[in-house]
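Visitor: Structure in structure tokens, see below.
The values are calculated or read from the model by the stated rules, or taken from the named source; none is laboratory data. What you see is a predicted model, and the numbers here were worked out from it, not measured in a lab. Cβ placement follows ideal geometry from the backbone for every residue including glycine, while neighbour counts extend to all protein chains displayed. To get the accessible areas, we keep the full protein, side chains included, count just its heavy atoms, and leave off ligands, DNA and RNA. Shrake-Rupley method; radii C 1.70, N 1.55, O 1.52, S 1.80 Å.
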Amino acid sequence: MKITIKNLGALKQAEFTLGEMTILCGGNNTGKTYATYALYGFLSTWREGLSVDVASKNVSELMAEGVTHIDINNYIENSERILFDGCAMYSSFLPTVFAAQKDKFKDSYFDVAVATEHIKPFGRYERHMKAASKELFFITKEETSSDVVVTLLVEKGRVRLPQDVIKKVIGDALKEIIFGQVFPNPFIASAERTGAAIFRKELNFARNRLLEEMAKTDQSVDPVDLLFKTYQDYALPVKDNVDFTRQLETLAKKNSYIAEQHPDVLDNFSDIIGGEYRVTKNDELYYIPKGKKVRLTMDESSSAVRSLLDIGFYLKHMAQPGDLLMVDEPELNLHPENQRRVARLFARLVNLGIKVFITTHSDYIVKELNTLIMLNHDKQHLKNIAEREGYCRDELISSDQVKVYIAEKSMVKLDGGQRRSYCQTLVSADIDPELGIQARSFDATIDSINRIQEEIVWGEE
């Protein structure tokens, strides 16, 4: 899946490919968060933004015969056009994603390209369409068939739905079958997550008071509509982060596949935060430090504990294979040793089938990922190092699993290659199977520090 961005924040034009692990690094105000938020917004809304046009003859056949067959291959062949039109629609939606003025995005463009051969539709699919608690249609696709079968479940002539509604229901099913395994389900931990963790109770209280007061004063005002408009003041990833934090008590009643099948991953995470999060019967959230008989609220806990709250609850209660975990600056408030541990955690998640997308300023995270790449070879001395230093096989990754992009100024081709311009973009970093990631974004700063310190120490000699 290749993403193309034009005129978005600091980024004039940029392309990047989503890997099993994708890393954006670079200086401040270079466009990393813009690219991250734009991708998250698309992955969160593609079901509403893409449009699949169901032929009128299929609806007519369904109404007349009680069943219609649709060849999914015809729509897969047209997937490039479906995505192009959907991305054009999404581009006009970018001001809402970023909660910003429209004129700041009037020339912005976001595009996703997926090669037809990379589209793997769902094998088996079933969906019931209901209205007023009564089933109207049954949409199915068998494992080895390319036919989507739509069956009428009520007497012919008794369906009172407009043809456009029927087309939309069938079209939504076709979208899910075609693209449901192409676009991963995203979860984002934004850079604002620490504040959301502290004030989540206040957010609930403020919301409830707002609704109560509005209900008392003006019956003509729709409280939900006003509340939605208030939320529009925040970028979509931040809004979703706040909503997630407000629902932790409910989420705590669920178990992720990691909790059920890979509890050792949660043990590793517990080692990183030095304890565990716990929701009581009274729906109160606490942090319990290891080996201590105390429980701390979020505002009593360390900034590192708050910074990792969203990720911890996602891993324990939400994570599913095929997801995309997006973390803006995972190093927030973390000691260098814990930054290394988080890098190893991300690598384990990749090997368990969860894609990871991060933006980072941390040389520790990138260098630790380098180590995991460099150790991932069948050489005895590397196995000895891994065992001595406590690395497990599940943490090692290969260079072809990782994509790294540096946000910086570089020469890019514009207008289909007709002209070139030196502008802000994303430059793909080289990743060597033996030496790891060549992240020059950090190297220049580290070299400068070393040079100055060497001159301080040895300058008089």
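Visitor: Do we find that Lys120 is out of contact with any helix residue (DSSP H, G or I) (no Cβ under 7 Å at 6 or more places or on another chain), of a type in the set (D, E, K, R) and assigned to a helix (DSSP H, G or I) in this structure?
Guide: Spelling it out, it is not the case that Lys120 is out of contact with any helix residue (DSSP H, G or I) (no Cβ under 7 Å at 6 or more places or on another chain), of a type in the set (D, E, K, R) and assigned to a helix (DSSP H, G or I).
Visitor: Please specify each residue of the stretch 78-107 satisfying the condition of being surrounded by 19 or more Cβ atoms within 10 Å (Cβ to Cβ) and either within 19 Å of Tyr234 (Cα to Cα) or at pLDDT below 90 (or both).
Guide: Listed by number, the residues that qualify are Tyr90, Ser91, Leu94, Val97, Phe98, Phe105.
Visitor: Hey, another quick one. Counting residues that are out of contact with any strand residue (DSSP E or B) (no Cβ under 9 Å at 6 or more places or on another chain) and not basic (Lys, Arg), which helices (runs of 4 or more DSSP H) fully inside the stretch 248-346 reach at least 3?
Guide: Those helices (runs of 4 or more DSSP H) span 257-261, 263-273.
Visitor: Can you name the condition, by its number, that Met63 falls short on among (1) more than 30 Å from Ile406 (Cα to Cα); (2) at pLDDT 90 or above; (3) of a type outside the set (Asp, Glu); (4) not in a strand (DSSP E or B)?
Guide: (2)
Visitor: Look through the stretch 351-367, keep the residues that are closer than 24 Å to Gln438 by Cβ and open to solvent by 10 Å² or more (accessible area, probe 1.4 Å), and return whichever of them is nearest to the chain's Cα centre (by Cα). Before you say what the answer is, go through the steps one by one.
Guide: Here is the first cut: in the stretch 351-367, the residues closer than 24 Å to Gln438 by Cβ are 351, 355-367.
From what's left, open to solvent by 10 Å² or more (accessible area, probe 1.4 Å): 351, 355, 361, 363-364, 367.
On the way: Asn351: 17, Lys355: 9, His361: 19, Asp363: 23, Tyr364: 23, Lys367: 23 Å.
The selected residue is Lys355.
Visitor: Assuming Val54 fulfils every condition listed in (1) open to solvent by 10 Å² or more (accessible area, probe 1.4 Å); (2) assigned to a loop (DSSP other than H, G, I, E, B) apart from one, which condition is it?
Guide: Result: Val54 fails condition (1) only.
Visitor: List every residue pair whose Cβ atoms lie under 6 Å apart, where the two residues are 6 or more positions apart in sequence or sit on different chains, the first residue falls within the stretch 276-300 and is within 18 Å of Thr245 (Cβ to Cβ) and open to solvent by 40 Å² or more (accessible area, probe 1.4 Å), and the second residue, located anywhere, is in a helix (DSSP H, G or I) and among the β-branched types (Val, Ile, Thr).
Guide: Going by the 6 Å Cβ cut-off, the qualifying pairs are Asp299/Ile198.
Visitor: Let me ask something additional. Run Asp147 past the list (1) under 21 Å from the mean Cα position of the chain (by Cα); (2) farther than 24 Å from Gln320 by Cβ and report the number of the one that doesn't hold.
Guide: The number of the failed condition is (1).
Visitor: Specify the residue that is farthest from Tyr40 (Cα to Cα); the eligible residues are those in the stretch 123-134 that are in a strand (DSSP E or B) and open to solvent by less than 50 Å² (accessible area, probe 1.4 Å). If you could, list the steps in order and put the result at the bottom.
Guide: Residues of the stretch 123-134 in a strand (DSSP E or B): 125-131, 134.
If we keep only those that are open to solvent by less than 50 Å² (accessible area, probe 1.4 Å) as well, we get 125, 129, 131.
On the way: Tyr125: 26, Met129: 29, Ala131: 32 Å.
Residue satisfying both the conditions and the ranking: Ala131.
Visitor: Quick one: would you say Leu372 is within 22 Å of Gly19 (Cα to Cα) and surrounded by fewer than 17 Cβ atoms within 10 Å (Cβ to Cβ)?
Guide: no
Visitor: Can you give me the number of residues within the stretch 263-273 that are in contact (Cβ under 8 Å) with a residue 24 or more places away in the chain, more than 20 Å from Ala191 (Cα to Cα) and open to solvent by less than 50 Å² (accessible area, probe 1.4 Å)?
Guide: Total satisfying the criteria: 2.
Visitor: Would you confirm whether any residue within the stretch 409-416 is loosely packed, with under 13 Cβ neighbours inside 10 Å, under 16 Å from Val366 (Cα atoms), within 33 Å of the chain's Cα centre (by Cα) and modelled with pLDDT under 85?
Guide: No, the stretch 409-416 contains no residue that is loosely packed, with under 13 Cβ neighbours inside 10 Å, under 16 Å from Val366 (Cα atoms), within 33 Å of the chain's Cα centre (by Cα) and modelled with pLDDT under 85.
Visitor: Going through the stretch 1-16 one residue at a time, which ones are open to solvent by less than 50 Å² (accessible area, probe 1.4 Å), farther than 22 Å from Asp430 by Cα and assigned to a strand (DSSP E or B)?
Guide: Within the stretch 1-16, just Leu8 meets the criteria.
Visitor: Checking Asp85 against (1) without any contact (Cβ under 8 Å) to a residue 40 or more places away in the chain; (2) in contact with a Phe, Trp or Tyr (Cβ under 9 Å, 6 or more places away or on another chain), only one condition comes out false. Which one?
Guide: (2)
Visitor: State whether the residues of the stretch 215-225 include one that is among the hydroxyl-bearing types (Ser, Thr, Tyr) and at pLDDT below 90.
Guide: Yes - at least one qualifying residue is present in the stretch 215-225.
Visitor: Output the number of residues of the stretch 26-55 satisfying the condition of being among the polar types (S, T, N, Q) and closer than 14 Å to Glu408 by Cα.
Guide: 4
Visitor: In addition: Exactly one of (1) part of a loop (DSSP other than H, G, I, E, B); (2) under 30 Å from Gly31 (Cβ atoms) is unmet by Ile82. Its number?
Guide: Condition (1) is where Ile82 drops out.
Visitor: Filter the stretch 85-115 for residues that are assigned to a loop (DSSP other than H, G, I, E, B), closer than 18 Å to Thr425 by Cα and in contact with a Leu (Cβ under 7 Å, 6 or more places away or on another chain) and give the result.
Guide: Scanning the stretch 85-115 gives a single hit, Ser108.
Visitor: Here's something else I'd like to know. Just to check your reading of the model, which residue among Glu387, Glu368 is among the acidic types (Asp, Glu), outside any loop (DSSP other than H, G, I, E, B) and touching a residue at least 12 places away in the same chain (Cβ under 8 Å)?
Guide: Glu368
Visitor: Sort through Glu135, Glu142 and tell me the only one that's at pLDDT 90 or above and among the charged types (D, E, K, R).
Guide: Only one candidate qualifies: Glu142.
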